[in-house]
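Worksheet: the structure to be examined is printed underneath.
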Amino acid sequence: MNAAQLTNLLSSMNTEEKLAQLTQLNPVCFGFPCFTPLTGPDSGLRIPEKYNASIGSVLNCDNAKDMLYIQKEHLKQDPHKIPLLFMADIIHGFKTIFPIPLALGCSFSPEHVEETCRIAALESAASGIHVTFSPMADLVRDPRWGRVMESFGEDPHLNASLCASSVRGYQGDDISMPDRIAACVKHFAAYGAPEGGREYNTVDLSYGILQDTYLPAYRAAIDAGAKLVMSSFNIVDRVPATGNKHLLQNILRMNWQFKGPVISDFNSVGELINHGVARDEKEAAALSFAAGVDIEMMSPHYCNHLAKLLETDSGLTEDMLDTAVMRILELKNELGLFEHPCKDADCTREAQVHLSAGNRSIARHIAADCAVLLKNENVLPLPNPTQYCPGTAKPIGLTGPFAASPYVLGGWSAGSTEGISLYEGLCNQYPASGICYKDCGALGSWLEGTPDIPLPTQDFIDAFNDCDTVIVAAGENQNDTGEGGSKAFLRLSPHQESLIQQLKANKKQVVVILFSARPLEIAPILSDCDALLQAWFLGTESGNALTDLLIGAVNPSGRLSMSFPYTVGQIPVYYNHFQTGRPCTQQGGSNRYLSRYLDCPVQPLFCFGYGLSYSEFSYTDFYIRREDSLSASVTVTNCSHSAGTETVQLYIQDIHAPIVRPVKELKGFQRIFLEAGASQTVSFPITRELLSYHRTDTLLFEPGAFNIQIGKNSEETLSETIMIDESTFAKEQL
Ligand code: GLC
């Protein structure tokens, strides 16, 4: 359709039809069958029959058969033949599941992230999906919050880069093209900062921190072309985001010039009543609509109340309604739905593309780059299977609740259920006699009331007497993660800790592999580990990817996207903190009058950007170049016998400013592959924008001293302090 046709269509719709267009429901809510599980609170909601024929969009229908049926039945009854928009949560893959986003963040690879989203779009488009509620751009600093798993981590620059890549992967250049879907960036804004890490809890940030730390990733997704924005459950400056005019109008529409639809989160319109800013559903509908929420997800308040509000002097107008409806019609038009209402939905193609060998191979390759090697006392890599001689080489012990578990996909993987277990992956490489697997019992979940494995007996421990090395696959039940997965304690369950400690006490080389969707509190078991690999939840090819790493077929290259605390009492602990007036740079010491703990270090156990490799990389010849343009460079050398990938990181500190500035901020990263003994000079441009920060709503550069750092993580860097002023950049304009 062209613009004139869209305008004519809009003018032919009556108010009830327009209000239905603003409503998104699960198919069951408006009379259609659908067997896809709900992802939010059980609704049980129904809307007045008169709206059913004109509903605008559908939540969580995830297969072509249902979608084709629903779309065709809908078009028979919609008086204007306006196609339904099908939206779903495709967060880290659809049927081929990739690592959780927090793990993808550890790849520091925009290319990997874009590729996962391209495949997710291809697989989900074949099942009739038009829009994904992704990327989740919420920056996170508190691993007690279950949804850190959906974030790319604690850094604004990395978060922004990977959210932009996600949008490009889903959308390509034209969302009407086959195998492309529209991206809905969420949860706007700052849902990732709940007090205490407690789900749906209060968010209380200064405006400056909101601007400089939490908003950049949403902005990057929008600048990359994200077609929708989802408003969040939480408050921003004491006003719920879903009813927050400053957020949705001043920032999103006026400052950022976002033109697409804003959709609420699951019943977040109705929750304005719980927040206490709306007396009833009518007021909740008025507040959300006036703030700028165009689509109401999973609550009926627009349908039930906006028509009357438009007739009274509520401040809501037909123009506002037309603007909201037109945004939705334009999105449907951009997807080509008026001409092709079922777009790519195709039951045959579904079977061809879902979990294809090619998609799985890519998933395996990417997953291996997302695991992070945290400790290795020359235990890894394991003996190579090709050199493994049964009878001479001792079997490798394997146990732990995740050893043979296929439940390694991570949350928000409703499209699939099982992945390759670690045991399966090892057996794909080693002869049966090479692996001595013992089942230690399942790890239940907190809501099931069984959040531990059985206590290991000495007999169980002795079952590994023929093994020198034992792999313990430990972690947290994935049902205790994701939405509604907040925890106040982050240690491994007591019996898992005991299993590791008892095996160590039995003189075994212990390789712990951690399956978790957040940084756990692992200090209590660290000394008992001879090697420690953070496996996150790596998705469909988890077991094969981990085996590739364990046998050295792939050299670990993951770097932490989120700090690991010594203890939950340290949280929030993150690298880009402020100096304070009494900084405590050294561990402990006798001076108590510093910003420190008496019983715990200030620094995290493992810092942002940290990760080991089977190679060793040295950094030399740090150099700042001022000719033509400003840049910093370093020479990286692989001084080991193994080829490997290093993620070189650029950090910058603005040393003096009228407001406090972080002790450092990531401003660039490059993954480089180096053969054994090879060197490469890595250079980073230093631009005016990289040195700027927000004062109120404007980005400001202030001349002064800047400390430029390049290194392998946020704590180990080479650095130099230089003076930078406008003249530094004047040359660039010449
Ligand atoms: C959930 C989540 C949101 C998701 C939506 C639809 O409550 O907060 O991330 O996209 O509902 O499932």
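Output the number of the condition that GLY391 fails; it satisfies all remaining conditions of (1) at pLDDT 95 or above; (2) at positive phi.
(1)
Look through segment 147-196, keep the residues that are part of a strand (DSSP E or B) and within 15 Å of the chain's Cα centre (by Cα), and return whichever of them is surrounded by the fewest Cβ atoms within 10 Å (Cβ to Cβ). Give the steps one after another, and end with the answer.
Here is the first cut: in segment 147-196, the ones part of a strand (DSSP E or B) are 182-188.
Those still in the list that are within 15 Å of the chain's Cα centre (by Cα) too: 183-188.
On the way: ALA183: 31, CYS184: 27, VAL185: 29, LYS186: 26, HIS187: 24, PHE188: 29.
Ranking the qualifying residues of segment 147-196, first place goes to HIS187.
Considering only segment 1-116, give the helices (runs of 4 or more DSSP H) lying wholly within it that have at least 2 residues that are farther than 30 Å from ARG349 by Cβ. Walk me through it before giving the result.
Working: elements: 3-12, 15-21, 64-77, 101-105.
In segment 1-116, 3-12, 15-21, 101-105 are the helices (runs of 4 or more DSSP H) which contain 2 or more residues that are farther than 30 Å from ARG349 by Cβ.
Pairs needed: first member in segment 44-62, among the charged types (D, E, K, R); second member anywhere, within 12 Å of the ligand (Cβ to nearest atom); C-beta distance under 6 Å; at least 6 residues apart or different chains.
ASP62/THR36; ASP62/ALA88
When ASN713 is evaluated against the numbered criteria (1) at pLDDT below 95; (2) of a type outside the set (Lys, Arg); (3) under 24 Å from TYR574 (Cα atoms), which criterion, by number, is the only one it fails?
That leaves (1) as the condition not met.
Would you be able to tell me the number of residues in segment 197-229 that are away from the ligand (no atom under 15 Å from the Cβ) and either part of a strand (DSSP E or B) or free of Cβ contacts under 8 Å to residues at least 60 places away in the same chain (or both)?
Count: 11.
Determine the pairs where a residue that is over 17 Å from ALA224 (Cβ atoms) and within 11 Å of the ligand (Cβ to nearest atom), located within segment 175-195, has a partner that is among the β-branched types (Val, Ile, Thr) and in a loop (DSSP other than H, G, I, E, B) with Cβ atoms under 9 Å apart, the partner being 6 or more residues away or on another chain.
If the second residue must be among the β-branched types (Val, Ile, Thr) and in a loop (DSSP other than H, G, I, E, B), the pairs left are TYR191/VAL203.
When you go through ALA278, ALA220, ALA226 one by one, which is the residue that is out of contact with any Gly (no Cβ under 9 Å at 6 or more places or on another chain), of a type outside the set (D, E, K, R) and at pLDDT 95 or above? Can you show your working first?
Details: ALA278 fails: out of contact with any Gly (no Cβ under 9 Å at 6 or more places or on another chain); ALA226 fails: out of contact with any Gly (no Cβ under 9 Å at 6 or more places or on another chain).
From the options ALA278, ALA220, ALA226, the qualifying one is ALA220.
A quick yes/no check of all residues on (1) surrounded by fewer than 24 Cβ atoms within 10 Å (Cβ to Cβ); (2) away from the ligand (no atom under 16 Å from the Cβ):
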site: ALA285; (1), (2): no, yes
site: PHE289; (1), (2): no, yes
site: ILE295; (1), (2): no, no
site: TYR302; (1), (2): no, yes
site: HIS305; (1), (2): yes, yes
site: THR312; (1), (2): yes, yes
site: THR317; (1), (2): yes, yes
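Tell me, which helices (runs of 4 or more DSSP H) lie completely within segment 294-404 with 2 or more residues that are of a type in the set (Gly, Ala, Ser)?
Values: elements: 301-311, 318-334, 347-353, 357-368.
Qualifying helices (runs of 4 or more DSSP H): 357-368.
Every residue, every condition in (1) touching a residue at least 40 places away in the same chain (Cβ under 8 Å); (2) part of a loop (DSSP other than H, G, I, E, B); (3) surrounded by 22 or more Cβ atoms within 10 Å (Cβ to Cβ); (4) of a type in the set (Val, Ile, Thr), yes or no:
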{"site": "GLU424", "(1), (2), (3), (4)": "yes, no, no, no"}
{"site": "GLY441", "(1), (2), (3), (4)": "yes, yes, no, no"}
{"site": "GLY449", "(1), (2), (3), (4)": "no, yes, no, no"}
{"site": "ASP452", "(1), (2), (3), (4)": "yes, yes, no, no"}
{"site": "VAL472", "(1), (2), (3), (4)": "yes, no, yes, yes"}
{"site": "HIS495", "(1), (2), (3), (4)": "yes, no, no, no"}
{"site": "SER498", "(1), (2), (3), (4)": "yes, no, no, no"}
{"site": "VAL511", "(1), (2), (3), (4)": "yes, no, yes, yes"}
{"site": "ALA517", "(1), (2), (3), (4)": "yes, yes, yes, no"}
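Hey, which of the strands (runs of 3 or more DSSP E) in segment 630-676, taking only ones fully inside, have at least 1 residues that are out of contact with any Leu (no Cβ under 6 Å at 6 or more places or on another chain) and without any contact (Cβ under 8 Å) to a residue 24 or more places away in the chain?
Output list reads 665-674.
Given the conditions (1) away from the ligand (no atom under 16 Å from the Cβ); (2) surrounded by fewer than 22 Cβ atoms within 10 Å (Cβ to Cβ), report the number of the one that ILE235 does not fulfil.
All conditions pass for ILE235, except number (1).
Quick check on my filter: what residues within segment 606-631 are more than 30 Å from the chain's Cα centre (by Cα) and not β-branched (Val, Ile, Thr)? Give the derivation first.
Filtering segment 606-631 down to residues more than 30 Å from the chain's Cα centre (by Cα) leaves 618-631.
Hits for segment 606-631 are SER618, TYR619, ASP621, PHE622, TYR623, ARG625, ARG626, GLU627, ASP628, SER629, LEU630, SER631.
Of everything in segment 548-570 that's assigned to a loop (DSSP other than H, G, I, E, B) and touching a helix residue (DSSP H, G or I) at 6+ places or on another chain (Cβ under 7 Å), which residue is surrounded by the fewest Cβ atoms within 10 Å (Cβ to Cβ)? So that I can check it myself, show each step before the final result.
First pass over segment 548-570, keeping only residues assigned to a loop (DSSP other than H, G, I, E, B): 551-563, 565-567.
In the following step, the residues that additionally are touching a helix residue (DSSP H, G or I) at 6+ places or on another chain (Cβ under 7 Å) were identified as 551, 554, 556, 561-562, 566-567.
Values: ILE551: 20, VAL554: 22, PRO556: 28, SER561: 30, MET562: 27, TYR566: 22, THR567: 18.
This residue is THR567.
Just checking, how many residues over segment 594-629 are in a strand (DSSP E or B), closer than 17 Å to ARG559 by Cβ and not hydroxyl-bearing (Ser, Thr, Tyr)?
Of the residues in that region, 3 qualify.
Looking at this structure, is LEU699 out of contact with any Cys (no Cβ under 8 Å at 6 or more places or on another chain), free of Cβ contacts under 8 Å to residues at least 12 places away in the same chain and either aliphatic (A, V, I, L, M) or within 25 Å of CYS370 (Cβ to Cβ) (or both)? Even if it seems obvious, please write down each step before you answer.
On the way: out of contact with any Cys (no Cβ under 8 Å at 6 or more places or on another chain): yes; free of Cβ contacts under 8 Å to residues at least 12 places away in the same chain: yes; either aliphatic (A, V, I, L, M) or within 25 Å of CYS370 (Cβ to Cβ) (or both): yes.
It is true that LEU699 is out of contact with any Cys (no Cβ under 8 Å at 6 or more places or on another chain), free of Cβ contacts under 8 Å to residues at least 12 places away in the same chain and either aliphatic (A, V, I, L, M) or within 25 Å of CYS370 (Cβ to Cβ) (or both).
Just to be sure I understand, how many residues within segment 134-145 are farther than 11 Å from HIS92 by Cβ and within 11 Å of the ligand (Cβ to nearest atom)? Give the steps one after another, and end with the answer.
Narrowing segment 134-145 to residues farther than 11 Å from HIS92 by Cβ: 137-145.
Still in the list and also within 11 Å of the ligand (Cβ to nearest atom): 138.
Going through segment 134-145 one residue at a time, the tally reaches 1.
Looking at ILE100, ILE47, ILE55, ILE90, which one is crowded, with 22+ Cβ neighbours inside 10 Å and under 25 Å from ALA286 (Cβ atoms)? Reasoning before the result, please.
On the way: ILE100 fails: under 25 Å from ALA286 (Cβ atoms); ILE47 fails: crowded, with 22+ Cβ neighbours inside 10 Å; ILE90 fails: under 25 Å from ALA286 (Cβ atoms).
Every option except ILE55 fails the conditions.
Look at ARG491 and say whether it is surrounded by 23 or more Cβ atoms within 10 Å (Cβ to Cβ) and of a type in the set (Lys, Arg). Spell out the reasoning first.
Working: surrounded by 23 or more Cβ atoms within 10 Å (Cβ to Cβ): no; of a type in the set (Lys, Arg): yes.
So ARG491 does not fit the description; no.
The values are calculated or read from the model by the stated rules, or taken from the named source; none is laboratory data. These numbers were taken from a predicted model, which means no experiment stands behind them. Every residue, glycine among them, receives a Cβ derived from its backbone with ideal geometry; neighbour counts consider all protein chains shown.
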